[in-house]
Amino acid sequence: MNTPAVAAYFAGDPSRTYQLVQWLEVLHVLDEVHPVCIVLRDPTPAPVVAARTHLPVHVAETLPALTELYAGLDPQVVLYCNNSPQNFDSLLDGRRLHVHVNHGESDKQSMASNNAKAYDRVFVAGEAAVQRYVTGLLEFDARRLVRVGRPQLDLSRTPLVEPSPRRTVLYAPTWEGDADYNDYTSVDTLGASIVEAVLALPDVRLVYKPHPKVTTSRTPVVSAGHQDVLRLLEEAAQADPGAGHVAVLEGDILAVMPACDAIITDVSSVGLDWLYLHTDRPVFLTDRHGDLDALREQIPISRCADVVDHTGIGGLTDLLRLRLERDEHQLARMAMRHHYFDELHVGESTTRFLAAVSELVALRAQLLAGPEGAAHAG
């Protein structure tokens, strides 16, 4: 086994393994340039991760075990895909460069965490993310931010949903978050009404792809809302077997999107991924709080989308019909795509990501070389 130049560190309970899994294919590409390994703090996700990657997977349950592992592996750069409190165990090691890469690009409040100040670099998608950090945090050094786009969106995927002659609407809600301030889900408040509105359209197919944590939610109203959606979908499928209505409860949502003509989603990374990959197709964004002014101010994508809330849910069927026939927001979405992802085209995010990691690998070597090396690095 090659000595890894990069360690992808993951500290999180098994329900959050999706945060790391979505990076694996990108890490496989990086491994061709700089050897990569995976470092887990909880052994439970290890079989799931190991089954999805050829990269070495290490488990260090305790801080002493982690310290010993790093001493043996000596990675130059450590990548972090979430804000787990256990990240700070790894950050104690001052002989490596630490990079927060997150697990998506979204406007959720948690995306601009004060935890970012602990990392040597924070990889972000584009201008929107830069503004999120600069305006949301006090005394944050914006020089830590490196724009790399969204490398996951460069990868080709085997479609999970077949094309259909019917107009296909994707309902892709997020989960309820860890706290009220980060709760953007529509499952419990609007989910059943959204499904009924979509199904009222003639010649339509509904695809339901919830966030993985919706399917395992222990929040009673979210769990009940999810079951209501599944029940309505099943009833519709039985009433019209040829429609192709389907719930996709596992797999990559990016592999679902190509077969869909419009998306209804919450404030999350899903809407922005759609914006990047399918800029020419309508977006409907939910607002569980019913505060349109705040949504427009805080969530830029809402300015190029139709907003669905309690007051407008009754008109959603007609609005869907209208947008599928005449999409008035397409030019606005093109401009907004630039705001979130700069001028990047598919393939260019990966190039930026690889270059940014390579620069840090070289920088670490220079810094360890002493004052002369550090001078050259500056």
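Picking from C304, V283, P241, whose Cα lies most toward the positive end of the charge dipole for segment 163-322 (charges on Cβ: Lys, Arg +1; Asp, Glu -1)?
Going by the charge dipole, the pick is P241.
Give, in nm to one decimal, the length gained when the segment between Q298 and L92 is fully stretched (0.36 nm per residue of separation minus the Cα-Cα distance).
That works out to 70.8 nm of additional length.
How much of M334 can a 1.4 Å solvent probe reach, expressed as accessible area in Å² and rounded to 10?
110 Å²
Could you give the nm distance between label points at A365 and D280, where each point is 7 Å from its Cα heading toward the beta carbon?
A separation of 4.4 nm, rounded to one decimal place.
What figure, in Å² to the nearest 10, do you get for the accessible area of T135 with a 1.4 Å probe and non-protein molecules left out?
Probe radius 1.4 Å; accessible area of T135 about 110 Å².
Hey, what angle do you get for helix 127-136 against the long axis of the chain, alpha-carbon based, 0 to 90 degrees rounded to 10?
Compared with the principal axis, the helix lies near 80 degrees.
Want the number for A179 to S358: 0.36 nm per residue separation, take away the alpha-carbon distance, what's left?
Details: separation 179, 0.36 × 179 = 64.44 nm, distance 3.65 nm.
Stretched out fully, the A179 to S358 stretch lengthens by 60.8 nm.
Take the alpha carbon atoms of the chain, find their radius of gyration, then divide it by 2.2 N^0.38 Å using N residues; give the quotient.
Rounded to two decimals, the normalised Rg is 1.03.
Give me, ordered by chain and number, the residues 5 or more places off V39 or on other chains with an amide H under 5 Å from its own placed amide H.
Those qualifying (amide H under 5 Å, at least 5 residues apart or on another chain) are A8, Y9, F10, H58.
Once label points are set 7 Å from the Cα along Cα→Cβ at both A243 and K117, what is their separation, rounded to one decimal in nm?
Here the answer is 5.2 nm between the modelled labels.
Could you give each residue of segment 347-364 its phi-based ³J(HN,Hα) in whole Hz, using Karplus coefficients 6.51, -1.76, 1.60 with θ = phi - 60°, and x for Gly or Pro?
3J(HN,Hα) across segment 347-364, in whole Hz: x, 7, 5, 4, 4, 5, 4, 4, 5, 5, 5, 4, 4, 6, 4, 5, 5, 4.
Can you compute log10 of I(q)/I(0) for segment 95-181 with the Debye formula, treating each Cα as one identical point scatterer, at q = 0.12, 0.25 Å⁻¹?
The computed values of log10 I(q)/I(0) come out as -0.51, -1.31.
What does the net charge come to around R323 if you take all other residues with beta carbon closer than 14 Å to its beta carbon, with K and R at +1 and D and E at -1?
In short, -2.
Run the quick spin-label model on R321 and D291: label points 7 Å from Cα toward the beta carbon, then report their separation in nm to one decimal.
Label at R321, label at D291, 3.5 nm between them.
Test of understanding: express the Cα radius of gyration of segment 1-152 as a ratio to 2.2 N^0.38 Å, with N the residue count.
Its radius of gyration relative to the 2.2 N^0.38 Å reference: 1.00.
Run the helix sum for the chain: -39,500 (n - 2.57) per DSSP H stretch of 4+ residues, divided by residue count, reported at 222 nm to the nearest 500 deg cm²/dmol.
For the chain, the value works out to -11500 deg cm²/dmol.
P(r) for segment 304-378, please, calculated from all Cα pair distances in 10 Å bins and given in %.
Values per bin, smallest distances first: 15, 23, 19, 16, 12, 11, 4.
Per-residue HN-Hα couplings for segment 294-304, Karplus 6.51 cos²θ - 1.76 cosθ + 1.60 at θ = phi - 60°, whole Hz, x for Gly and Pro?
5, 4, 4, 6, 8, 10, x, 4, 5, 6, 10
Would you list, by chain and number, the aspartates and glutamates whose Cα falls below 16 Å from the Cα of K117, excluding same-chain residues fewer than 8 positions away?
D89, D93, E139, D141
Just need the Rg to Rh number for segment 225-367, please, alpha carbons only, Kirkwood Rh.
A ratio of 1.07.
Need the full-extension length gain, T215 to H54, defined as separation in residues times 0.36 nm minus the C-alpha distance. One decimal, nm. Present the calculation step by step, with values, prior to reporting the outcome.
On the way: separation 161, 0.36 × 161 = 57.96 nm, distance 2.80 nm.
Result for the pair: 55.2 nm of gain on full extension.
State to the nearest 20 debye the size of the charge dipole of segment 109-259 about its Cα centre, where the only charges are +1 on K and R beta carbons and -1 on D and E beta carbons.
The dipole of segment 109-259 has a size of about 580 debye.
Compute, for V101, the solvent-accessible surface of its heavy atoms (probe 1.4 Å) with the complete set of protein chains present, and express it in square angstrom to the nearest 10.
Using a 1.4 Å probe on the heavy atoms, I get roughly 10 Å².
Could you please report the charge total around L145, scoring K, R as +1 and D, E as -1 over all other residues with beta-carbon less than 12 angstrom from its beta-carbon?
Numbers: positive: K117, R121, R132, R143, R144, R147; negative: D120, E127, D141.
Local charge sum for L145: +3.
Report, by chain and number, residues whose modeled amide H sits under 5 Å from the one on V308, excluding near sequence neighbours (fewer than 5 apart, same chain).
L285, T286, D287
The values are calculated or read from the model by the stated rules, or taken from the named source; none is laboratory data. All of these numbers come straight from a predicted model, not from anything done at the bench. Cβ atoms come from the backbone with ideal geometry, glycine included; neighbour counts cover every protein chain shown. Side chains included, ligands, DNA and RNA excluded: accessible areas come from the protein's heavy atoms. Shrake-Rupley method; radii C 1.70, N 1.55, O 1.52, S 1.80 Å.
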